[in-house]
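S.K.: Please find one structure pasted underneath; my questions will follow.
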Amino acid sequence: MAYQQSDLDQLHQTLLTVATGAQKVRFADGRETTFQTVDAVTAAIKVVDAQLKMQRYAQGGISRRRTPYYRSGL
């Protein structure tokens, strides 16, 4: 599922409203979620932010490779 920047912006707005008592957020694709605590909204923000970063890396052609390093010289 692809997130959009507007989803992240909506979650930041929801963080403020959950802190004052409201608990629902509606995403750009029509999904609606109910959050119980500020911690749940914060966790959702982290997930959406990570997904957006992965999408940007995929679109930008950035590839990362890890080469193992062994002390034995292999």
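None of the figures in this text is laboratory data; all of them are computed from the coordinates on show. In this text the structure is predicted, and so the values were computed from the model without any measurement. Here the Cβ is made from the backbone with ideal geometry for all residues, glycine too, and neighbour counts use every protein chain on show.
S.K.: As an exercise, identify the trypsin sites (Lys or Arg not before Pro) in region 10-69 lying in DSSP coil whose Cβ has no more than 13 other Cβ atoms within 10 Å.
M.R.: Taking region 10-69 and a limit of 13 other Cβ atoms within 10 Å, the loop trypsin sites (Lys or Arg not before Pro) found are ARG31, ARG64, ARG65, ARG66.
S.K.: Could you give the angle, 0 to 90 degrees to the nearest 10, between helix 5-20's Cα long axis and the longest principal axis of the Cα atoms of the chain?
M.R.: The two axes meet at around 50 degrees.
S.K.: Using only the Cα atoms, what convex hull volume per residue in Å³ does the chain have?
M.R.: It comes to 123 Å³ per residue, whole-number rounded.
S.K.: Something else about it: So how much slack lies between THR33 and MET54, counting 0.36 nm per residue of separation and subtracting their Cα-Cα distance, in nm? Before the final figure, lay out each step's value.
M.R.: Numbers: separation 21, 0.36 × 21 = 7.56 nm, distance 2.27 nm.
In short, 5.3 nm is gained.
S.K.: Can you give the FRET efficiency for TYR69 and ALA43, using 1/(1 + (r/R0)^6), R0 = 30 Å, r = Cβ-Cβ distance, to the nearest 0.05?
M.R.: 0.35
S.K.: Let me ask you something else. If you place +1 on the Cβ of every Lys and Arg and -1 on the Cβ of every Asp and Glu, how big does the dipole about the Cα centre of region 5-60 come out, in debye to the nearest 20?
M.R.: Dipole size: approximately 80 debye.
S.K.: Tell me, what HN-Hα J-couplings in whole Hz come from the Karplus equation 6.51 cos²θ - 1.76 cosθ + 1.60 at θ = phi - 60° for each residue of region 33-39, using x for Gly and Pro?
M.R.: For region 33-39, the Karplus curve yields 10, 10, 9, 8, 9, 5, 4 Hz.
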